[in-house]
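Down below is the structure, laid out as structure tokens.
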Amino acid sequence: MSNRRNFFKTAGAVALGATAVSRVGAASLPEAVIQTSPTMQPPLIPNTGRPYNPVATLNGWSLPWRMNNGVKEFHLVAEPVVREFAPGMKANLWGYNGSSPGPTIEAVEGDRVRIFLTNKLPEHTTVHWHGIQLPSGMDGVGGMTQPHIPPGKTFVYEYTLLRSGTHMYHPHADEMVQMAMGMMGMFIIHPKDQRQMRVDRDFVFLLAAYDIEPGSATPRTAEMTDFNLWTFNSRTFPGIDPIVARAGDRVRVRVGNLTMTNHPIHMHGPHFTVTGTDGGWIPPAARWPEVTTDVAVGQMRAFEFDAVAGDWAIHCHKSHHTMGPMGHAVENMIGVDHRGVAERITKLVPDYMAMGDKGMADMGAMEMPIPDNTLPMMTGQGPFGPMEMGGMFTAVKVRDDLKRGDYKDPGWYKHPQGTVAYEYAGELTQPSRAPGATATPSRDTMTMNVRKPTAHTGH
Amino acid sequence: MIRLTVTAAAAVFLAGCASFSTDGGFDRVSELTKERTGQAPAYQRSAEDTENARARVDELLKQPLTAESAVEVAFLNNRGLQANLHSLGIAESELVRAGRLANPLFSFGRLREGGGVVEIERSVMFNVLGMLTMPVARQVEQRRFEETQFQAAGDAVGVAVEARRAFYSAVAAQDLVKFLQQVKEAADVSNELAKRMVQAGNFNKLAQMREQAFYADATSELARAQHQAVAERERLARALGLWGQQLNVMLPERLPDLPKTLVEPKNAEQTAMEKRLDVLAARRSAESTARSLGLTKTTRFINVLEIGYQNKSVSGEPRANGYEVELELPLFDFGSTRLARAEATYMQAVHRTAEVAVNARSQVRESYSAYRTAYDLAKHYRDEVIPLRKRISEENLLRYNGMLIGVFELLADSREQVRSVSSYVQALRDFWIADTTLNTALTGRSPGAAAASGPSPGAAAPAAAAH
């Protein structure tokens, strides 16, 4: 972890020139810790204040605090940051303390928190504590419940956490732009009783969508629907950390949605139970068993499962959301006969290669040069070949022999003998049919040309 | 009688001076032309000359044409030029005639008087005035002859200019056909692919017809460009006087590259004043009219002065010898009409010369601007537009690779890239034509109507679109 003491020295020096009050204020600020790495930091074990079971933030980290006369003090810095979405692509975003999303804030039910927010953005901002019950004047709606925080100024939010649960923080000032630029973070309030809602591993991530033109680095903040980067914690597959657990662990996943559409989060393997919503923990009798939970816009969901060994995909079930940037107006070339045409195009565009006439899976396998600072539409190599995925996709990796607190990627699952789908090696004989049935259905006038890959046409 | 003999002797002497030159004044024309075009025209006065020219043209046409060889062929082969050069012969004959005394008049009269008396009168009359004014008249004709030489050289320069322009235009037009074939090919592939998209059920008719429309447009553009290439080739054929087998003339694949350095004519306008053939011709013309004005002034009172020997014999009487002087008395016309005409003619020549000079200066400035602009534009296309288009195409290919754009966009881009190259070819052609025009304006003659018909740099892009 790095910090920017120098920045605050400078900030302090500037404040010194102002009034005595601000000098005292500057002297009393807690340190603002800065983290710019996109790799997941180990959960932050509390060493002061009430104990709790910390969460693991995918590709993120939790914000350290200091205790000040029984008050838990955090220091957030709203500032421009550079975030790597996946190796090969970086974006100019706005975030907190060096990263977007900002660090996860963790505290305990009943804690009194004092959160300093220093605005290093070029425009004013505020912070809204999404889903947290607090005095109205601490709710962070610029102009409505508080003055906006001008650039260079530090404001303080102070309140007591009444109820445990999963929450978010984000600006409520020029929020369309500031959220489109990546300003958001998780706010986890742990139960006072550590035994309550206890799990072995607790993962958090936020869903965010960006529209970054391939080859550029700054999101188009005016976009409403046509996003091309679908992220968990501003990372896209294969840049998203796996959810790592030991077989038998009770695992919780907390998801917040700050995009402009809903995301049905689907997990392969063990069924899960939705245990928490924006409103708090769901009474056991009301919990839903699911394999997919739809996280609507501005919502949070927490679900829990008992880990089963294997590699289990977890992803948004909107298929375009598990893709990297792609042209949404690209013609569908499936079934289009390229014979003769491809050669002629090559004469005009020498490096041309026919793509998509057999589907787009080619994209997952081909490694052709693409524009700078963007990501392939599909990517990721698995142990059995290209995974043809991007965007909101990662794996729940459950192993039998993981140590407690070990969140490192264990690599691909070693399947026990005979548990992997295999090629049928027997004879392909004609199936026995009922008398009178025909092998192929008769074509009606509406039937289009069906090109079956078994009938090779010279490709 | 003695005086008469002297006069006659002088006339004979003068007549002896005024004979035809061996070169017919062509050497000077040749020199003037070579100084301006780098090449001397051939003046074909005999069948042998024509045969030699023909052999040389055949030899030149074995190689692909260059701007220089085009000029040489035109000089050897352009019949219009030969026709113009023969005006030299006409002018020289005038000059020679001016240097020779008018033929003496001989008169013979026979009168039968009554009583068998026959009176015979014989006289020989010389035009004395013509003899006296001969030196001045010769000078006038000399100036006229020189003017004709300048004009002949100017005509030769004009032929060279047209040969160059036609050459550059023909090469460019031929090159443009090649590029438009590529555009058509791109449109054709799009169209073909679109048809297959329809067959596969991935395109509707509208989308397919849009691609087909591109193809249809590209086809008509290509047809126009092909005709343009034929037209430019024919223009070249006319400029070079080509016919028959000569029409197989080979053109180079491409226009010459832009020169590394740009001509920076110093004292451009001064050069034009000193070198331009039309300026020089106009000056000579003014000079000769000035001379003839002077002549008219000195002879205004005398129209005819003829002196002659006369003898008369009458039958039975001794022969009477004597002389006769005939002088037309300017009783009714003191030569004022002739003088007025001469003066007006002179002033006309003066103003014509001034006009030619003013226009020449203006044409130099204009053609220099055109030359600069054409150079900068061609360089801009070469160094900025084409590389930029190429980079755009590279980026588009990357975007195609990433499935960010489709193949139709890729093909549309390749059409655009080809178009940028053809714009460069047009700009390059305009530069070489502007280069020719500037040289003409500096040392030759008025770039004239031929320049106006040449494509202007600004018109290149729309012209490209219309091709």
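The values are calculated or read from the model by the stated rules, or taken from the named source; none is laboratory data. All of these numbers come straight from a predicted model, not from anything done at the bench. Positions of Cβ are generated from backbone atoms using ideal geometry, with glycine treated the same way; all protein chains shown enter the neighbour counts. Calculation scope for accessible area: heavy atoms of the full protein, side chains included, ligands and nucleic acids excluded. Shrake-Rupley method; radii C 1.70, N 1.55, O 1.52, S 1.80 Å.
Structure summary
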{"quantity": "Any hit, region A:50-66, residues being polar (S, T, N, Q) and closer than 16 Å to A:Glu158 by Cα", "calculated": "no"}
{"quantity": "Options B:Glu147, B:Glu141, B:Glu121: the member that is touching a Leu at 6+ places or on another chain (Cβ under 9 Å) and at pLDDT 85 or above", "calculated": "B:Glu147"}
{"quantity": "Residue in region A:121-135 that is in a strand (DSSP E or B), over 17 Å from the mean Cα position of the chain (by Cα) and of a type in the set (D, E, K, R) present", "calculated": "no"}
{"quantity": "Failed condition for A:Trp412, given (1) surrounded by 12 or more Cβ atoms within 10 Å (Cβ to Cβ); (2) within 19 Å of A:Pro214 (Cα to Cα); (3) in contact (Cβ under 8 Å) with a residue 40 or more places away in the chain", "calculated": "(2)"}
{"quantity": "Qualifying residue in region A:285-295 (condition: open to solvent by less than 30 Å² (accessible area, probe 1.4 Å) and either among the basic types (Lys, Arg) or outside any strand (DSSP E or B) (or both))", "calculated": "no"}
{"quantity": "Residue ranges of helices (runs of 4 or more DSSP H) in region B:205-302 with at least 1 members in contact (Cβ under 8 Å) with a residue 60 or more places away in the chain and in contact with a His (Cβ under 6 Å, 6 or more places away or on another chain)", "calculated": "B:205-240"}
{"quantity": "B:Leu101 being part of a helix (DSSP H, G or I) and either within 27 Å of the chain's Cα centre (by Cα) or buried (at least 19 other Cβ atoms within 10 Å of the Cβ) (or both)", "calculated": "no"}
{"quantity": "Test: residue in region A:119-136 that is farther than 30 Å from A:Ile212 by Cβ, open to solvent by 50 Å² or more (accessible area, probe 1.4 Å) and touching a residue at least 12 places away in the same chain (Cβ under 8 Å)", "calculated": "yes"}
{"quantity": "A:Leu402 within 21 Å of A:Phe205 (Cβ to Cβ) and either away from chain B (no Cβ under 14 Å) or open to solvent by 60 Å² or more (accessible area, probe 1.4 Å) (or both)", "calculated": "yes"}
{"quantity": "Failed criterion for B:Phe214 (all others in (1) within 14 Å of another protein chain (Cβ to nearest Cβ); (2) closer than 15 Å to B:Ala70 by Cα hold)", "calculated": "(2)"}
{"quantity": "Segments classed as helices (runs of 4 or more DSSP H), wholly inside region B:375-467, with at least 3 members that are modelled with pLDDT of 95 or more", "calculated": "B:386-401, B:407-439"}
{"quantity": "Residue within region B:358-369 that is over 30 Å from B:Ala290 (Cα atoms), more than 14 Å from every other protein chain (Cβ to nearest Cβ), free of Cβ contacts under 8 Å to residues at least 60 places away in the same chain and within 40 Å of the chain's Cα centre (by Cα) present", "calculated": "yes"}
{"quantity": "Count of region A:151-171 residues which are open to solvent by less than 50 Å² (accessible area, probe 1.4 Å) and part of a loop (DSSP other than H, G, I, E, B)", "calculated": "3"}
{"quantity": "Every residue from region A:386-397 that is open to solvent by 20 Å² or more (accessible area, probe 1.4 Å) and either within 11 Å of chain B (Cβ to nearest Cβ) or over 20 Å from A:Val330 (Cβ atoms) (or both)", "calculated": "A:Met387"}
{"quantity": "Answer residue from region A:302-342, given it is within 14 Å of chain B (Cβ to nearest Cβ) and small (Gly, Ala, Ser) and is farthest from the chain's Cα centre (by Cα) among those", "calculated": "A:Gly340"}
{"quantity": "Residue in region A:316-338 that is aliphatic (A, V, I, L, M) and in contact (Cβ under 8 Å) with a residue 40 or more places away in the chain present", "calculated": "yes"}
{"quantity": "Hits in region B:385-428 - residues which are under 37 Å from the mean Cα position of the chain (by Cα) and either open to solvent by 60 Å² or more (accessible area, probe 1.4 Å) or among the hydrophobic types (A, V, I, L, M, F, W, C) (or both)", "calculated": "B:Val385, B:Ile386, B:Val418, B:Arg419, B:Val421, B:Val425, B:Ala427, B:Leu428"}
{"quantity": "So B:Gln181, is it in a helix (DSSP H, G or I), without any contact (Cβ under 8 Å) to a residue 60 or more places away in the chain, crowded, with 17+ Cβ neighbours inside 10 Å and on the phi < 0 side of the Ramachandran plot", "calculated": "no"}
{"quantity": "Any pair with Cβ under 8 angstrom, 6 or more apart, that starts in region B:186-197 at a residue that is facing another protein chain (nearest Cβ under 8 Å) and farther than 13 Å from B:Leu410 by Cα and ends at one that is open to solvent by less than 10 Å² (accessible area, probe 1.4 Å) and β-branched (Val, Ile, Thr)", "calculated": "B:Glu192/A:Val341; B:Arg196/A:Val336; B:Arg196/A:Val341; B:Met197/A:Val336"}
{"quantity": "Residue that is farthest from A:Pro376 (Cα to Cα), among those in region A:388-419 that are part of a strand (DSSP E or B) and among the basic types (Lys, Arg)", "calculated": "A:Arg399"}
{"quantity": "Unique match (being under 27 Å from A:Gly131 (Cβ atoms) and open to solvent by 10 Å² or more (accessible area, probe 1.4 Å)) among A:His328, A:His317", "calculated": "A:His317"}
{"quantity": "Filtered residues of region B:81-98 (kept if over 10 Å from B:Ser19 (Cα atoms), open to solvent by less than 40 Å² (accessible area, probe 1.4 Å) and in contact with an Asp or Glu (Cβ under 6 Å, 6 or more places away or on another chain))", "calculated": "B:Ala98"}
{"quantity": "Pairs with Cβ under 7 Å, 6+ apart, first in region B:338-351 and under 12 Å from B:Arg283 (Cα atoms), second part of a helix (DSSP H, G or I)", "calculated": "B:Tyr346/B:Thr289; B:Tyr346/B:Ala290; B:Tyr346/B:Leu293; B:Ala349/B:Ser285; B:Ala349/B:Ala286; B:Ala349/B:Thr289; B:Val350/B:Ala286"}
{"quantity": "Residue list for region B:201-258, restricted to those being under 30 Å from A:Val336 (Cα atoms) and loosely packed, with under 13 Cβ neighbours inside 10 Å", "calculated": "B:Asn204, B:Lys205, B:Leu206, B:Ala213, B:Ser220"}
{"quantity": "Hits in region A:343-380 - residues which are more than 7 Å from every other protein chain (Cβ to nearest Cβ), surrounded by 17 or more Cβ atoms within 10 Å (Cβ to Cβ) and part of a helix (DSSP H, G or I)", "calculated": "A:Asp362, A:Gly364"}
{"quantity": "Selection status of B:Ala163, away from chain A (no Cβ under 14 Å), open to solvent by less than 10 Å² (accessible area, probe 1.4 Å), in contact (Cβ under 8 Å) with a residue 12 or more places away in the chain and in a helix (DSSP H, G or I)", "calculated": "yes"}
